[in-house]
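Read through the structure below, which is laid out as structure tokens, and then see the notes.
Just so it is clear, none of the values below were taken in a lab; they were calculated from the coordinates. Note that this is a predicted model, so its numbers are computed, not measured. Neighbour counts are summed over all protein chains in view; Cβ atoms, including those assigned to glycine, are modelled from backbone coordinates with ideal geometry.
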Amino acid sequence: MTETAATGEEGALAGKPTSVSRTTLSHIMTAGDTNLLGTVHGGVIMKLVDDAAGAVAGRHSGGPAVTASMDEMAFLEPVRVGDLVHVKAQVNWTGRSSMEVGVRVLAERWNESTPATQVGSAYLVFAAVDADGTPRPVPPVVPETERDRRRYQEAQIRRTHRLARRRAIMELRERRAAEGLDDA
Ligand SMILES: CC(C)(COP(=O)(O)OP(=O)(O)OC[C@H]1O[C@@H](n2cnc3c(N)ncnc32)[C@H](O)[C@@H]1OP(=O)(O)O)[C@@H](O)C(=O)NCCC(=O)NCCS
């Protein structure tokens with residue numbers, strides 16, 4: 001598979017700067033968001049992460065995009081009722097039809113002027129799709145700052161590892177099937 005450079009080797013689509021689709025989604029946590037311990041449920045944060053990343057992927061690709069994977073979701077600090085949560089997302093990297101979206105989750109007390117702290121982070125891969133759900137090409141992302149360029153390079157490393165892991169698992173399954181090992 002050929003990896004598409006940010007300069008737009010695909011030719012057809014013009015590059016889009018990172019800042020064009022960068023998005024922040026903010027939400028106040030309420031009692032309905034808690035787990036049995038009384039802090040905010042991880043799934044509530046994951047939903048916000050997916051929502052923010054989906055908005056970014058849709059804006060960057062100019063149409064529908066679906067979540068293909070979510071990885072390296074890290075919960076760094078508990079989130080509490082009354083926290084104002086900010087979910088910041090941007091396109092880190094683009095391939096032919098897929099985009100890696102990086103997300104940082106910050107929390108601050110809703111009624112205090114204390115600085116927000118980072119409480120989580122995640123990387124998601126979205127695939128841009130047409131009306132039939134078939135993957136369609138995306139514009140190459142154009143990193144604008146040194147931080148964007150570092151994120152682009154790190155995303156390429158994650159992409160390489162995702163493909164290698166998937167290939168290794170498929171090969172293992174094929175080997176086991178060829179040996180007649182059935183775990184169904
Ligand atoms: C994601 C989906 C569109 C991929 O379709 P596909 O037929 O496998 O198409 P492809 O193999 O061409 O993959 C399309 C792109 O997505 C990437 N991709 C597919 N599965 C992936 C995965 N699990 N992790 C990371 N990237 C993935 C491919 O590498 C490819 O990237 P590229 O075009 O930039 O090289 C398809 O699996 C799908 O519709 N999944 C359900 C998505 C969904 O409903 N999400 C919401 C959760 S309920």
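For this structure, a couple of remarks:
- Hits in the stretch 148-179 (condition: within 15 Å of the ligand (Cβ to nearest atom) and loosely packed, with under 13 Cβ neighbours inside 10 Å): ILE157, THR160, HIS161, LEU163, ALA164, ARG165, ARG166, ARG167, ALA168, ILE169, MET170
- The residue that is farthest from THR18 (Cα to Cα), counting only those in the stretch 98-145 that are more than 16 Å from the ligand (Cβ to nearest atom) and among the β-branched types (Val, Ile, Thr), is THR114.
- Checking each residue in the stretch 93-118 for being of a type in the set (A, V, I, L, M, F, W, C) and touching a Phe, Trp or Tyr at 6+ places or on another chain (Cβ under 7 Å) picks out TRP93, MET99, VAL101.
- For the stretch 121-154, the set of residues classified as part of a helix (DSSP H, G or I) and either within 12 Å of SER98 (Cα to Cα) or hydroxyl-bearing (Ser, Thr, Tyr) (or both) consists of TYR152 only.
- Candidates in the stretch 31-63 are the residues that are crowded, with 16+ Cβ neighbours inside 10 Å and touching an Asp or Glu at 6+ places or on another chain (Cβ under 8 Å); of these, the one that is nearest to VAL125 (Cα to Cα) is VAL44.
- All strands (runs of 3 or more DSSP E) inside the stretch 17-103 with 3 or more residues being under 26 Å from SER113 (Cα atoms): 23-28, 83-94
- Cβ-Cβ under 7 Å pairs, at least 6 apart or on other chains, the stretch 129-140 side touching a residue at least 60 places away in the same chain (Cβ under 8 Å), far side surrounded by fewer than 11 Cβ atoms within 10 Å (Cβ to Cβ): PRO137/ALA12; PRO139/ALA14; PRO140/THR7
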